[in-house]
Structure formats: structure tokens, C-alpha cells
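*Asks:* Got a structure here, written out as C-alpha cells. Questions coming.
The values are calculated or read from the model by the stated rules, or taken from the named source; none is laboratory data. Bear in mind that the values here come from a model prediction, so they are computed numbers and not experimental data. Here the Cβ positions follow ideal geometry from the backbone for every residue, glycine too, while neighbour counts run over all protein chains shown.
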Amino acid sequence: MSNLEEHNSNEDAIRVLVADDEPLIRMDLKEMLEETPYYSVVGEAKDGLEAYELAKRLDPDVIFMDIMMPQMTGIEAARKLKETLNRRIPIIMLTAYSQRELYEEASEAGVFGYLTKPLRKADLGPAVEIAISRAIELEDLSDEVKSLGDKLETRKLIEKAKGALMRETGIDEANAYRMMQKRAMDQRTSLKAVAEAVLAKVK
């Protein structure tokens with residue numbers, strides 16, 4: 001298992017990764033979380049590099065990560081996870097510091113929340129809920145932007161294909177569009193696929 005500590009998890013619980021270079025803080029945080037059935041600590045890391053590697057391997061629902069750790073800081077680990085993973089894992093940064101520049105840097109790295117040390121059990125649940133909610137909202141927004149981008153790209157393809165048909169056949173825009181619609185229906189495919197086929201033929 002190397003020096004990365006992993007744990008079995010309750011399938012119904014929120015899967016948590018804890019990263020802190022102080023063993024006592026890791027132990028206290030794990031105990032506070034697992035005193036309820038809602039959370040399961042699936043892994044522990046004692047530095048930022050281990051946190052990064054373990055997060056990639058375990059894909060936890062949320063990460064509690066100390067801001068200042070050896071090998072790689074929590075901010076650096078958060079930034080690398082943001083750059084390399086297909087989804088944004090909600091990260092709650094643990095800190096004994098109050099420097100504004102650290103908060104700004106962490107926010108840019110994709111951190112979803114902060115807790116100051118010493119940690120209190122009453123703060124953990126709300127922090128997790130807020131972090132997960134923010135991550136879901138961001139994911140939804142990203143999907144919406146992607147959907148709008150796809151629609152715009154499809155519209156551009158259809159317009160270009162209509163123009164190509166108009167030049168090729170001498171018909172007007174309305175009839176070119178109807179021709180593409182009929183091809184889509186006949187071939188049981190999308191207008192986008194028809195447009196791509198028209199443009200490929202023109203080339």
C-alpha cells in the first residue's frame with residue numbers, strides 16, 4: 001500500500017480524502033467525520049504530492065487539504081488536480097493562516113471552501129455541503145456553456161452547407177434548407193451530420 005494510507009468506505013457515505021502533514025490533525029478530522037454515517041474517509045495523505053496521487057487514484061467526493069505541506073503545497077496540488085482531472089473535485093482548504101493572497105491564490109486553483117484551524121466538528125458538515133453544491137453548480141454551468149457552444153457550431157455548419165448547396169444547385173436558401181431536412185429524415189440522421197457530408201463533398 002506504500003506510504004499512502006487508504007481505507008474501506010461505506011458506499012452510501014460521502015467519500016473523503018484528508019491531506020495534512022500533521023498526523024494528529026488527520027486523525028482528529030477522520031474521527032470527527034466518521035462519527036456520523038454521512039462521511040467515509042477513504043484515504044489520507046501527509047503531503048501535497050501524496051494528496052495529488054491519491055486523489056487521482058481514489059476519485060473522492062471531497063478533499064480536506066492543508067494549505068501548507070511539504071513536497072507540494074495544498075494550492076499546488078489543487079491546481080494540478082484542476083488541470084489533469086476530467087471533473088472538479090470539491091476541495092476544502094485547511095489553514096492556520098489568514099493572508100488574503102493565499103485565499104486568492106487558492107480560489108484561482110479551484111478551491112471551493114476554507115476552514116481555519118483548530119477545526120470544529122460543527123463546521124465540517126456545512127463546509128462539505130457548500131463545497132459540493134458549488135462544484136455541482138460549476139459543472140452545470142460548464143455543461144450549459146458546452147451545449148451552447150455545440151449549438152453554435154452546428155448552426156455555423158448548417159449555414160455553410162446551405163451556402164454550398166445554393167452554389168452547387170442554384171436553389172434559394174429556403175429550398176436548400178428543406179433539401180437538407182429531407183436528407184436528414186431519409187437517412188435518419190441529424191442536420192449536423194448532413195451538413196458535414198455536404199461540406200465534405202464540396203471539398
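*Asks:* How about segment 34-57: which of its residues are closer than 21 Å to Arg134 by Cα and out of contact with any helix residue (DSSP H, G or I) (no Cβ under 6 Å at 6 or more places or on another chain)?
*Replies:* Tyr38, Ser40, Lys56
*Asks:* Before we move on, is Gly149 more than 30 Å from Thr95 (Cα to Cα), loosely packed, with under 11 Cβ neighbours inside 10 Å, of a type in the set (Gly, Ala, Ser) and not assigned by TED's automatic domain parsing to the domain that holds Asp20?
*Replies:* Spelling it out, Gly149 is indeed more than 30 Å from Thr95 (Cα to Cα), loosely packed, with under 11 Cβ neighbours inside 10 Å, of a type in the set (Gly, Ala, Ser) and not assigned by TED's automatic domain parsing to the domain that holds Asp20.
*Asks:* On to the next question. Can you tell me how many residues in segment 167-186 are of a type in the set (A, V, I, L, M, F, W, C) and buried (at least 16 other Cβ atoms within 10 Å of the Cβ)?
*Replies:* So the count comes out to 4.
*Asks:* In addition: I need the full set of residues from segment 47-75 which are charged (D, E, K, R), touching an Asp or Glu at 6+ places or on another chain (Cβ under 7 Å) and at pLDDT below 95, in order please.
*Replies:* Asp66, the sole residue that qualifies.
*Asks:* Another question, if that's okay. Considering only residues that are surrounded by 17 or more Cβ atoms within 10 Å (Cβ to Cβ), at pLDDT below 90 and outside any loop (DSSP other than H, G, I, E, B), which ones fall in segment 80-102?
*Replies:* Answer for segment 80-102, where residues must be surrounded by 17 or more Cβ atoms within 10 Å (Cβ to Cβ), at pLDDT below 90 and outside any loop (DSSP other than H, G, I, E, B): Thr95, Leu102.
*Asks:* Could you list, in sequence order, the residues of segment 187-203 that are in a helix (DSSP H, G or I), surrounded by fewer than 17 Cβ atoms within 10 Å (Cβ to Cβ) and of a type in the set (D, E, K, R)?
*Replies:* Selection gives Lys201 alone.
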